[in-house]
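S.K.: Okay, handing you the structure first.
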Amino acid sequence: MDSESLLWRKRKPSLSLWNQFLDEFLDAFPLENLLKRRVFICGSYKPEAFQRLQLAKEEINREENYFAFLMADFKRFLDKNYIEKFSFLASFSNTIIMIIEHEEGFLIEFGIIIANKHFYDKTTIFVLKKAQDRLTPMLTKGGFKPPFYTENKNLFYFNTTSDLLMKIRKLLKTYN
């Protein structure tokens, strides 16, 4: 691995890094997924929240032209540095969906997205409505406000898993 972070580079990741990624990708997924719209799903890996991430991934993957994935789908690639792994997968994706259900498990990633315009431009946030009052003011009075996020544009609130999946399906239709 190069000594300079993927976050700080102006150039693309090295060919050897791409080869490492493709090696694991092709072990786990059909090659045609590289041609689909790639959707990186982020959020908490606590059991209930992770289950919702998996359901979102399954829902998106039902659509013919989409390939959804989680960071957990890549176990070997950059497994010693999760910030580099997140940055690479965010760069690889066409769309980033972040699902927020509580205050843990996403704050560093959210900060990276806010600070990186390329990542920000392709990110939509979904927040569990009942968790809104328990989130840090850095989100509720900062990151979830314009100029960053605007409700019903790139920030959506959901009440149930079925509500979340319906809103994700609606988002996917905007890309067609």
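S.K.: Measuring from the lowest to the highest alpha carbon on each principal axis, how far does the stretch 61-146 reach, largest first, in angstroms?
M.R.: 35, 32, 23
S.K.: Describe numerically, in nm with one decimal, the distance between label points set 7 Å from Cα along Cα→Cβ at Leu31 and at Asn152.
M.R.: Label-label distance for Leu31 and Asn152, simple model: 4.6 nm.
S.K.: What is the distance, in nm, between label points placed 7 Å from the Cα along the Cα-to-Cβ direction at Asp163 and at Tyr82?
M.R.: Using points 7 Å along Cα→Cβ, the separation is 2.8 nm.
S.K.: For the chain, what does -39500 (n - 2.57) per DSSP helix run (n ≥ 4), summed and divided by total residues, give at 222 nm, in deg cm²/dmol to the nearest 500? Mind showing how you got there, number by number?
M.R.: Numbers: 6 runs with 67 residues, N = 176.
The helix-only estimate for the chain comes to -11500 deg cm²/dmol at 222 nm.
S.K.: Now, a different point. Between Ile108 and Asn65, what length comes free when the chain is fully extended (0.36 nm per residue of separation minus the Cα-Cα distance, one decimal in nm)? Present the calculation step by step, with values, prior to reporting the outcome.
M.R.: On the way: separation 43, 0.36 × 43 = 15.48 nm, distance 2.97 nm.
My answer for the length gained is 12.5 nm.
S.K.: As an exercise, use a Förster radius of 41 Å and the Cβ-Cβ distance of Ser14 and Glu48 to find the FRET efficiency, rounded to the nearest 0.05.
M.R.: 0.60
S.K.: While we're here: Got the relative contact order for the chain handy, in percent, Cα pairs under 8 Å and 6 or more residues apart?
M.R.: 21 percent
S.K.: Tell me, what ³J(HN,Hα) does each residue in the stretch 51-59 have, in order and in whole Hz, if you take phi through Karplus 6.51 cos²θ - 1.76 cosθ + 1.60 with θ = phi - 60° and put x for Gly and Pro?
M.R.: 4, 5, 4, 5, 5, 4, 4, 4, 4
S.K.: OK, next. Please work out the Cα convex hull volume for the chain and give it in Å³ per residue.
M.R.: 121 Å³
S.K.: Continuing with the same structure: Please compare each pair in Lys46/Lys85; Lys46/Lys122; Lys75/Lys130; Lys141/Lys173; Lys57/Lys170; Lys85/Lys130 to a cut-off of 23 Å on the Cα-Cα distance and tell me which ones are over it.
M.R.: Exceeds cut-off: Lys46/Lys122; Lys75/Lys130; Lys141/Lys173; Lys85/Lys130.
S.K.: Let me ask you something else. To the nearest 0.05, what FRET efficiency results for Asp23 and Asp133 with a Förster distance of 41 Å applied to their C-beta separation?
M.R.: With a Förster radius of 41 Å, E is 0.40.
Coordinate-derived values only; no laboratory data. A quick note: this is a predicted structure, and the numbers were derived from the prediction, not measured. All Cβ positions, glycine included, derive from the backbone under ideal geometry; neighbour counts span all protein chains shown.
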